[in-house]
Amino acid sequence: MRRTTALLISAIAASSLSLADDWPHFRGPTRNGVSVEKGWRTEDLSAQPKIAWKAQVGLGFSSIVVADGRAATAGHADGKDTVFCFDAVTGKELWKHSYPAELGDKFFEGGTTGTPTLDGARLFWLSRWGDLICFEVESGKVVWQKNIQKETEAPLPMWGFTGAPLVVGNLLVLNVGEAGVGADKTDGKVVWKSAPKDAGYSTPLPFEFGGAKLVMFGNATNYLAVDPMTGKEAWRFRWVTQYGVNAADPIVSGDRVFISTGYSKGGALLQLGADEPKQLWKTKVLRTQLNAAVLFDGRLYGVDGDTTDKGALKCIEFATGAEKWSQPGFGSGGVIIADGKLIALSGDGELFIAPVSPEGFKPTAHAKVLGPKCWTAPVLANGLVYCRNSRGEIVVVDLRAK
């Protein structure tokens, strides 16, 4: 009986662990804003949100990454950028690393905008100004560092570099230069680089098509795909947005790719083929300036409108671009999806939980967790929802099953 009970407890524990999930890089475990995590609860959010921990990391919009019990992000204060590493559950500061950096407050508050990447025992960080740093996750020790912008002579975009580093095998792929840079992740040595022209602001996105493994991102005037190991360009699709702000990550489903940008540009669905992608439709119904929409069950859920507008949260059909519903006044926040539910953080810091549905936005729970402005999408990892605003206030909401 004791042996049976022990086995049952072990099985339950293993099952519980399988429902949880880390969030080690930008846009989550599958890089699309969707998590398979289940078992988290929403019942107590509206009545009295349980806060696991809070922290202050400085000015900026960097997202949070979580893996192996650690959470990392970055912020700016007193003329310095700082990369922070916390205990993901308690919020205890494990280490931090600061270095001199400009505020970069051109048409906005400034501060950090990129997101770190956790990769096993290493953490990689690319600053707005080209500082590329590899940290030892356990101790915070700098393994190597360099300024990739100066080394490659790539021009600095108007708002600096913002895309998170992508790990592909032994390489880091960075949105630096016209069509990216590939650097050896063990020492930072440049393996390949592209023409010294303006990068965009999206994070390199790995995908497969026609048996080839490629990486897609936006530069100042195009969305394009390259071989991550060599930098050889596979194709490009011209997409000119005001100020060169191609920032939202593309969304891939089979041979279809959705791209969308702000400044009233809008979005388009592309079909991949042997040559340049073919445009299937174009719309101004969904104009995602900052955070990419999330694709779920044939529909896109995301924010329409610029940071100067009162952005609306919308649902549109992926196949046609037809609008299903619009929730005005959401602001320039962000959404993710887990267990058939939208987890949405509004621009004013309201956290919503709602069923993913084409019938409308009908929250089952909500709570004000932060003050404005919240341009950074929330993150779900192991039952905890990590929220951040521009002032660098982090609030971690505990939705773990009791």
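Every number in this text was worked out from the coordinates using simple rules, so none of it is lab data. Computed from a predicted model, the values in this text were never measured in an experiment. All Cβ positions, glycine included, derive from the backbone under ideal geometry; neighbour counts span all protein chains shown.
Data for the structure
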item	result
Order by protection proxy (mean Cβ within 10 Å, highest first), peptides 230-243, 33-46	33-46, 230-243
Dimensionless Rg ratio for the range 284-402, taking C-alpha atoms and the 2.2 N^0.38 Å reference	0.99
Estimated [θ] at 222 nm from DSSP helical runs (n ≥ 4, -39500 (n - 2.57)) normalised by residues in the chain, nearest 500	-2000 deg cm²/dmol
Computed over the chain, Kirkwood Rh from alpha-carbon pairs, angstrom	21.2 Å
Kirkwood Rh, Cα atoms: Rg over Rh of the range 231-341	0.96
Extension gain, residue 46 back to residue 263 (0.36 nm per residue minus Cα-Cα distance, nm)	74.7 nm
Additional length obtainable on full extension of the chain from residue 38 to residue 170, 0.36 nm per residue less Cα span	44.3 nm
Cα Rg, Dmax (largest Cα-Cα span) when computed across the range 124-255, Å	14.1, 44
Debye, to nearest 20: dipole size of the chain, +1 on Lys, Arg Cβ, -1 on Asp, Glu Cβ	460 debye
log₁₀ of I(q)/I(0) at q = 0.13, 0.14, 0.24, 0.28 Å⁻¹ - the range 122-167, Debye sum with one point per alpha carbon	-0.30, -0.34, -0.85, -1.02
DSSP-assigned coil residues among trypsin sites (Lys or Arg not before Pro) in the range 103-196, each with at most 16 further Cβ atoms within 10 Å	106, 141, 189
Spin-label model distance (nm) - residue 87 vs residue 144, 7 Å beyond Cα toward Cβ	3.3 nm
Antiparallel DSSP beta bridges within the chain, percent to nearest 5	95 percent
Spherically averaged projected area in nm², based on the convex hull that wraps the Cα atoms of the range 35-122	7.8 nm²
